[in-house]
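Here is the structure we will look at.
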Amino acid sequence: MTLKSNIVDAEPVIMEQRMKGLIASAQQGDRAAYQQIYQQHIGQVYALCYRLTGDKDHAEEAAQEVFIQVWQKLDNFKGDSKFSTWLHSVTSNVAISYLRKQKGWLQKMFNLEDSAVADMPSEGLTGEIDLDAIIIRLPERARIVFVLHAIEGYRHEEIAQRMNIAVGSSKAQFHRAKQLMKDWMGYE
């Protein structure tokens, strides 16, 4: 047994306490504290928005909407869970809601089919596999379900509730996503 194994890593504890202080200050209207929260979490929020929307511009807009919602609803955060868990939930809800709004507008404007992205050529998928590039190619619903279930760890019941679909639809979309990804990566 080494001395190092008996020492508690204080960094996560200190960071969590610092975050609690920032949240408390931001809840009191401190914009500088909120700016620090934003700076610490924008990368994670953007990454999830990008995986869900499949588009850089949409991800940027959705991420900004997330932080507008967080500012407006920060008083709702009571500290019962980690802030990052609460923020993740807000991000998922906002990104999915954003997609619903965008999809309606895009379909009306361009009369798009849900599978348009899946019909893109699969050039460049040989050699090193860029999983994010493959995920982005998935049709919208399959992509959202895949990201929420396989990457973010949501159960199909939770996904169905968030997306207002049946549990069976969530499972079917997940299966569809896996099958498309296997095909695109050259697996049988």
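The values are calculated or read from the model by the stated rules, or taken from the named source; none is laboratory data. Only a predicted model underlies this, so the values are computations on that prediction, with no experimental measurement involved. As a convention, Cβ positions derive from the backbone with ideal geometry for all residues, glycine included, and neighbour counts pool all protein chains shown. SASA here: full protein model, heavy atoms, side chains in, ligands and nucleic acids out. Shrake-Rupley method; radii C 1.70, N 1.55, O 1.52, S 1.80 Å.
Here are the numbers for the structure shown:
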| quantity | calculated |
| --- | --- |
| Accessible surface, 1.4 Å probe, highest first, among residues 141, 51, 31 | 31, 141, 51 |
| FRET efficiency for residue 17 and residue 44, using Cβ-Cβ distance with R0 set to 22 Å, rounded to 0.05 | 0.65 |
| Cα-Cα over 28 Å, subset of 73/101; 56/178; 56/101; 73/171; 101/171; 101/178 | 73/171 |
| Burial order of peptide ranges 85-92, 162-169, 74-81 (average beta-carbon count within 10 Å, highest first) | 85-92, 162-169, 74-81 |
| From phi via Karplus (6.51, -1.76, 1.60), per-residue ³J(HN,Hα) for the stretch 70-75 in Hz, x at Gly/Pro | 4, 4, 6, 10, 4, 5 |
| For residue 154, distant residues with modelled amide H under 5 Å away | 149 |
| Solvent-accessible surface (1.4 angstrom probe) belonging to residue 50, in square angstrom, nearest 10 | 60 |
| Whole-angstrom gap from the stretch 138-166 to the stretch 23-50, using each part's C-alpha centre | 25 |
| When the stretch 1-96 is reduced to its Cα atoms, the Kirkwood hydrodynamic radius in Å | 14.5 |
| Three semi-axes of the equivalent ellipsoid, the stretch 134-187, Cα gyration tensor, whole Å, largest first | 19, 10, 9 |
